[in-house]
Ligand SMILES: Nc1ncnc2c1ncn2[C@@H]1O[C@H](COP(=O)(O)OP(=O)(O)OP(=O)(O)O)[C@@H](O)[C@H]1O
Ligand SMILES: [Mg+2]
C-alpha cells in the first residue's frame with residue numbers, strides 16, 4: 001500500500017488538487033447550487049477536458065519519447081479545414097440553391113449528410129495527419145533537425161496553408177472566396193449538444209489504449225528508454241527511428257482528431273483562429289501531469305489528471321470572475337501551472353528545506369512576487385483597488401522577506 | 001616518506017564519526033579517519049562499500065550527513081562544491097562529469113574562465129593552459145576538441161587535468177585510472193609523484209591493487225559502510241587487504257585450461273573504418289581475425305588504438321559503416337543497426353557506462369530486462385511478476401548489491417550499475433559477446449565472479465571478445481590476444497606466449513611494416 005502511494009504520489013497529489021479546486025468553486029459559485037447547474041458544469045468540464053485531453057495524450061507520448069511537438073494548434077486548424085473541405089466536396093448539390101457568379105451551379109447540401117461522407121472525410125483527415133507526422137519524423141531523424149525546429153515550422157506553416165486551402169476550396173464549391181466553412185449536419189454538430197459524451201468516450205478509449213501501450217508493451221518500454229537515453233537505447237538494439245515515427249504520428253493524429261471534434265462542435269471551421277495556442281495547453285497538461293520535458297518520464301494517468309486540473313481551473317476562473325473571466329484566465333492558469341510543477345519538482349528533489357531566495361536573484365524575486373501579488377489583487381478587486389493592492393503587496397513582502405532573512409541567518413550559522 | 005602517526009589535531013583531514021543514510025541503505029556508518037598532510041591515502045572496499053559517498057562528503061557534493069569534518073584542524077561544513085574548492089579540496093569524480101557540447105579547454109576552465117579585457121573569454125589562453133596541463137600528463141588531446149567526441153579514457157584524462165588545474169592541496173581521486181591503459185596510468189603516477197613533492201594530500205580510490213600498493217602510504221578499508229581498519233602499506237599485503245574488504249578469501253582466479261575452442265564463429269576480413277578529415281585516415285585498417293566457438297579473444301592496445309571502434313563495427317554501431325567482410329557462422333553479414341546485430345545473436349557491453357549504457361531514470365529491473373522483454377510477455381503484454389522474477393534472477397546471479405529490483409539504478413554504486421548492464425546482455429544469451437572493458441570500476445571479488453561467468457559461458461560455446469585497459473585481466477581470461485596499434489593489428493599471441501612485455505611491444509609498434517599476426 002505504501003509503495004502504491006510512493007509510486008503514484010504525483011497522480012494522487014493532482015487528484016487531490018482537482019478536488020480542492022472543484023470544492024472551492026462549488027462553495028463560492030452559485031451555479032453549483034442547483035442540480036441542473038452542477039450537471040451542466042460537469043458536462044462542460046468533461047467535454048472541454050476530453051477535447052484537450054485527446055491531443056494532450058499525443059503530446060505526452062512525444063515528450064516521454066524525448067521530443068517535443070509544437071504543431072498541435074495548427075494541426076487542429078488544418079485538419080478542421082481538411083475535414084470540412086472534404087465534406088462540402090463530397091456532399092451532393094442542393095438544387096434549390098444557385099451560385100451568385102454562375103446560376104448553373106449549386107451549393108453543396110450539408111444539412112443531412114449520408115453517413116459515409118463524414119466517415120471517409122475523417123479517414124482521409126487522419127491519413128493526412130499521419131503524413132504530417134511522418135514528415136516531422138523525416139525532418140528529425142534523417143535531416144536531423146531538432147524536434148523543436150521541425151515542428152515549429154509546421155506550427156507556422158500549416159495554419160497558413162490551411163488559410164490558403166480554404167480559399168481555393170470555397171472558390172470551387174461556393175464560387176467565392178471564404179475564410180470559413182460552415183456545416184449544418186445534425187449528426188456532426190450534435191457533439192455540441194446531446195452527443196457531448198462522444199469526445200469523452202474517445203478520450204477514454206484513447207487513454208486506455210495508450211496506457212496499455214506505454215506501460216504494458218515492449219514498444220512502450222522502449223519509448224521510455226529512448227526518452228531517457230537515446231544513444232544507449234540505440235546500442236541496446238532499439239530502433240529509435242521507428243519509435244519516433246510512432247510518437248510523432250500519434251501526436252499529429254490525436255491533434256487531427258481533436259481538430260475534427262472542435263470543428264464539429266463549433267459547426268464552422270476558421271483556420272485563422274482555430275486552435276490558436278492549443279499546443280501549449282497540451283504541453284502544459286502533460287507537464288503538470290508529471291511528464292519531464294527532458295524525456296523518459298510520465299504516465300497516462302498523470303496526463304489525464306493534468307488535463308482535468310487545467311480545465312477545472314479554467315472553469316473555476318470563468319465562474320468566479322464574473323466580469324471578463326477570459327482576461328484573468330491566462331494569469332491564473334500560468335500561476336497554477338508553475339505552482340503545480342514546482343511542487344512536484346521540490347518533492348522529487350527533496351528540496352523543501354533548501355533556500356528559496358538566495359543572493360541578489362532571491363531578493364529581487366521577493367520584490368517581484370510581492371508586486372505581482374499586489375497588482376493581481378488590485379486588478380481583481382472591484383473597489384478600493386489601490387488600497388487592496390498595497391495591502392496584499394505589503395503583506396507578501398513581509399512574509400517572504402522574513403523567510404529570506406531567516407534563510408540568510410541559518411545559512412551563516414551552518415557555514416562556520 | 002615516513003609517516004609517524006601524528007596527533008589528529010595536526011592531520012590535514014579529519015573525519016569524525018560520519019554517518020550517511022540514503023533511503024533504505026546506510027552508506028556510511030560512524031566512519032572516522034585522519035589523513036596527514038602530504039600523505040597518499042588509499043581507500044579500498046567492495047562496490048557499494050561507501051567509498052564514493054565518503055569522498056563526495058569531503059568534496060561538498062553531499063551536504064547532508066551526521067558527523068564532523070575537519071580540514072587543517074578547523075571544523076568545516078561545506079554547503080556546496082564551491083565551499084570545498086575554496087577550502088582547497090578538489091575531486092576527480094568516478095562518474096565523468098563533463099559538458100559534452102563544450103570544448104576540452106572550456107570544460108577544464110568551466111566556472112572560472114580565463115578572461116581578457118574584463119569580459120571577453122580568452123579561448124586562446126585557456127587552450128594554451130590546457131595544452132600545458134596535458135603536456136604534464138603526456139597526452140595529445142587537442143584542447144579545442146568537443147568533449148563528446150572523446151572516448152572514456154580521454155574524458156578521464158580531461159577530468160584529471162581539470163582537477164590538477166585547480167592546484168588544490170587536497171586532491172581526491174575516485175577511480176581515476178579505471179578507463180586508462182597502463183601507459184596512461186603510468187603518466188598519471190608520475191604526475192602524482194610531482195604533486196606529492198609539492199606536499200599535496202591525496203585520497204586515492206581504486207580497485208586495482210597494483211596501483212594501491214605502488215602509491216599509497218596508508219590504506220583504509222571500508223566494508224558495508226563501516227571502516228574496517230587503516231593500515232600502513234609496509235605492514236600489510238594484498239591478501240590481507242582483499243580479505244578485509246570482502247570478509248573472506250578470494251583465490252586469484254586460475255581458470256584451468258582445457259577450454260578447447262571449436263570451429264569458426266566469426267570471421268573478420270580486411271575490416272577498415274575510414275576516419276574522414278584525420279591525418280591517420282583510418283580508425284581501423286585491414287583488421288582480420290577469427291573468433292572460434294568457445295573462445296575468449298582479447299583485444300589489447302593503448303588508448304586510441306581502435307579497440308572500441310572494432311567492437312562497434314562488429315555490432316553495427318559504427319558510422320560510417322566499415323569496409324571489409326564479416327562472416328558470422330560462415331554467412332556474410334553487414335549490420336547497419338545494433339538491432340540487426342542483436343537479432344543475429346550478438347551482444348555488446350559498451351565501455352562508456354553513463355552515456356551509452358545506463359538508463360538513469362529507470363529502475364534496476366527495467367535496466368536489466370530491457371533487451372529481453374519478450375521473455376516477460378504474456379499474451380503480448382509485459383507481465384510485471386514475470387519481469388520482476390527475471391530481474392531478480394540476474395541480481396542474484398551477479399550478486400548485484402541493491403535495495404531491490406525496484407530501486408532506481410542511480411542509487412547503486414558504480415560497480416553495481418556496471419553489473420546491471422552486463423546482466424542485461426547476458427540475458428539475451430548471445431552467440432557472440434563483445435565486452436568493452438567490462439570490469440571498469442568493478443571490485444576484486446566481483447571481477448573474479450565475472451571471470452568465472454565468462455569462463456562458463458565460453459565453455460558452453462559462446463564466442464567472447466574482451467577488451468580491457470588492464471593487461472593482467474586479458475592474460476587471465478583469454479585464449480588468444482590480438483594487439484592493436486593505431487588501428488592496425490600488430491600482433492597476435494596464443495595463450496602460451498602471453499607476457500605483458502610482449503603485448504606492450506606490439507601495442508607501441510607504430511611502424512607500418514609490422515605485419516599482422518607476426519607472432520602466431
Ligand atoms: N543517491 C543515492 N541514493 C540512494 N542510495 C545511494 C545513493 N548513492 C549511493 N547509494 C548507496 O550507498 C552505498 C555506497 O555507495 P558508493 O557509491 O559510496 O559505493 P562505492 O564504494 O563508491 O562503490 P563502487 O566501487 O562501486 O564505486 C551503496 O549501497 C549505494 O547503493
Ligand atoms: Mg564509487
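Every number in this text was worked out from the coordinates using simple rules, so none of it is lab data. What you are looking at is a predicted structure, and each value in this text was computed from that prediction instead of being measured. We place every Cβ from the backbone using ideal geometry, glycine too, and count neighbours over all the protein chains shown.
Numerical summary
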quantity: For residues of B:375-384, the mean tally of beta carbons on other chains within 10 Å; calculated: 3
quantity: Cα centroid of segment B:346-377 to Cα centroid of segment A:275-345, whole Å; calculated: 34 Å
quantity: For the protein assembly as shown, average projected area of the Cα convex hull in nm²; calculated: 47.4 nm²
quantity: Chain A: relative contact order in percent, alpha carbon pairs under 8 Å with at least 6 residues between; calculated: 26 percent
quantity: Fewest-first ranking of A:315, B:123, using other Cβ atoms within 10 Å as the exposure measure; calculated: B:123, A:315
quantity: Estimated [θ] at 222 nm from DSSP helical runs (n ≥ 4, -39500 (n - 2.57)) normalised by residues in chain B, nearest 500; calculated: -9000 deg cm²/dmol
quantity: Quotient of C-alpha Rg and 2.2 N^0.38 Å, computed over chain B; calculated: 0.99
quantity: Protection proxy ranking of B:96-109, A:362-375 - average other beta-carbon atoms within 10 Å, highest first; calculated: B:96-109, A:362-375
quantity: Two-site label geometry, residue A:385 and residue A:323: point separation in nm, points 7 Å out along Cα→Cβ; calculated: 0.9 nm
quantity: Rel. contact order, % - alpha carbon contacts under 8 angstrom, at least six apart, segment B:360-425; calculated: 47 percent
quantity: Residue order, fewest to most beta carbons within 10 Å, for A:81, B:476; calculated: B:476, A:81
quantity: D (Stokes-Einstein, µm²/s), Kirkwood Cα radius, segment A:2-353, 1.306 mPa s at 10 °C; calculated: 74 µm²/s
quantity: 10 Å Cβ neighbours from other chains, averaged over peptide A:291-300; calculated: 1
quantity: Average beta-carbon neighbours from other chains, 10 Å sphere, peptide B:314-324; calculated: 1
quantity: Angle in degrees between helix A:9-28 and the longest Cα principal axis of chain A, rounded to the nearest 10; calculated: 80 degrees
quantity: Helix A:116-141 axis, angle to chain A major axis (alpha carbon atoms, nearest 10°); calculated: 50 degrees
quantity: Chain B - percent relative contact order, Cα under 8 Å, separation 6 or more; calculated: 15 percent
quantity: Cubic angstrom per residue, convex hull over Cα atoms of segment A:55-122; calculated: 112 Å³
quantity: Packing rank of A:142-150, B:310-318, where each peptide gets the mean count of other beta carbons within 10 Å, highest leading; calculated: B:310-318, A:142-150
quantity: Reference-scaled alpha-carbon Rg (2.2 N^0.38 Å with N residues) for segment A:359-415; calculated: 1.36
quantity: Paramagnetic label zone (point 7 Å from Cα along Cα-to-C-beta, residue B:198; backbone N under 19 Å) in segment B:83-101; calculated: B:84-93
quantity: Between helix A:385-414 and chain A: long-axis angle, C-alpha atoms, 0 to 90°, nearest 10; calculated: 60 degrees
quantity: Helical mean residue ellipticity (222 nm; -39500 (n - 2.57) per DSSP H run of 4+; nearest 500) of chain A; calculated: -25000 deg cm²/dmol
quantity: Likely footprinting exposure, B:119, A:197, A:211, fewest C-beta neighbours within 10 Å first; calculated: B:119, A:197, A:211
